[in-house]
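Report on the following structure.
Coordinate-derived values only; no laboratory data. Since the model is a prediction, treat every value here as computed from it, not as a measurement. Methodologically, a virtual Cβ is constructed for each residue, glycine included, from the backbone with ideal geometry; neighbour enumeration extends over all protein chains shown.
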Amino acid sequence: MTHLTRRALLRAAAAAPVAGALGTLGLASTARAAAAPEFVFKYGNNLPLTHPLNVRAQEAANQIRDASKGRMEIRIFPNNQLGGDTDMLAQVRSGGIEMFTPSALVVSTLAPAVAINAVGFAFSDYSQVWKAMDGPLGAYVRAAMQKAGLESFERMWDNGFRQTTTSTGPIVNAQTMRNLKIRVPVSPLSIDMFKGLGAAPTSLQFSEVYSSLQTHIVDAQENPLPIVQVAKLYEVQKFCSLTNHMWDGYWFVLNQRAWQRLPKDLQAIASDAFNQAALKQRDDVRKLNDAAVADLQAKGLSINRPAPDTFRAALRQAGFYAEWKGRFGNQAWDLLEQSVGKLA
């Protein structure tokens, strides 16, 4: 029979807590290692954290983390933290970041067909927008982006229809656009459209818009309604015409190599989360626009809703649609007309 000395018992008792502590530390280290994501995607955008795009993207990121059991993490960098649109587009192509939500007009610098959603007066309403962009036209555009090294989720996110504000009088038909001094972005599609309507477009940086309207360097501008609100353009404009002359949205683009490295199950989880979030964000933007109309009226802007027919006719007569059909190509144009009717 083995007899333990008092000293041996004390040594054993002293060692027991240490062993237990080491065991606990080992379990904690294992738990931390298990919690570390296998894949981390950095996502940059140019919108404030409170914008519906960022709110819904965060929900998608949370859903992906939970559904993947921590294997995948999306880290969001809003409000141009990673640079401007041109910078972030270059980064997502090089792999510096994995995800970015540019406007279609931004991506069109790499794949011209992507800008087709911004053809002037193409879409009369959202039912036509989503029929096209969730359908064959959207698939065509995503294939064009793939050739440029960018993957994308199936559902496009909403930026909104662009509307026209003026100080000289409401826009009621194409004729009232003639000789209108209007500020437009630096975009050939925008410039050509307003020239086709007989207006006098001037490209200015957005930072110059308020003062240019105030001093009548230009008498009009065009933007989605929330921009009119935030920039307080109602202080220097009297009329807001809901022309819906151009629709633009955000593509959720991804670095192709990073996306292809993801296992198929994580691709499915990420696609599902971001596509669900896109549908919610679209509804958020619709509600924002509806609220903006009432808010701008309360601030003194006169609101009117011109029909698109005379604008389309003027652009057709000016050769605008024929020219841009040639630039986009017959296949893309035919897909657009399947949703919106004959343009060119």
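Work out which trypsin sites (Lys or Arg not before Pro) in the chain are exposed loop sites (DSSP not H, G, I, E or B, at most 16 other Cβ within 10 Å) and give the longest gap free of them. It works out to 70-177. Its Cα centre serving as origin, region 33-340 has a Cβ charge dipole (Lys and Arg +1, Asp and Glu -1) of approximately 200 debye. Among 224, 102, 263, the largest mean-square fluctuation in a Gaussian network model of the chain, built with springs joining Cα atoms closer than 10 Å, belongs to 263. Which angle between 0 and 90 degrees, to the nearest 10, do you get for helix 52-67 versus the longest principal axis of the chain when only C-alpha atoms count? Approximately 30 degrees, to the nearest 10. Considering the values (i) 30, 24, 18; (ii) 34, 20, 18; (iii) 53, 23, 16, which represents semi-axes √(5λ) of the Cα gyration tensor in Å as calculated for the structure under consideration? Here semi-axes √(5λ) of the Cα gyration tensor in Å agrees with entry (iii). Note on residue 90 and residue 260: with the Förster distance fixed at 22 Å, the Cβ-Cβ geometry gives a FRET efficiency of about 0.65. The lysines whose alpha-carbon is closer than 19 Å to the alpha-carbon of residue 232, local same-chain residues fewer than 8 away aside, are 299. Projecting the Cα atoms of 201, 220, 51 onto the charge dipole of the chain (Cβ charges, centred on the Cα centre) puts 51 farthest toward the positive pole. Comparing 60, 231, 143 in a Gaussian network model of the chain (Cα springs below 10 Å), the most mobile by mean-square fluctuation is 231.
Helix 6-35 and the long axis of the chain differ in direction by around 20°, with both axes built from C-alpha atoms.
Evaluating 6.51 cos²θ - 1.76 cosθ + 1.60 at θ = phi - 60° for every residue in region 287-293, the Karplus couplings come out as 5, 4, 5, 4, 5, 5, 4 Hz, glycine and proline recorded as x.
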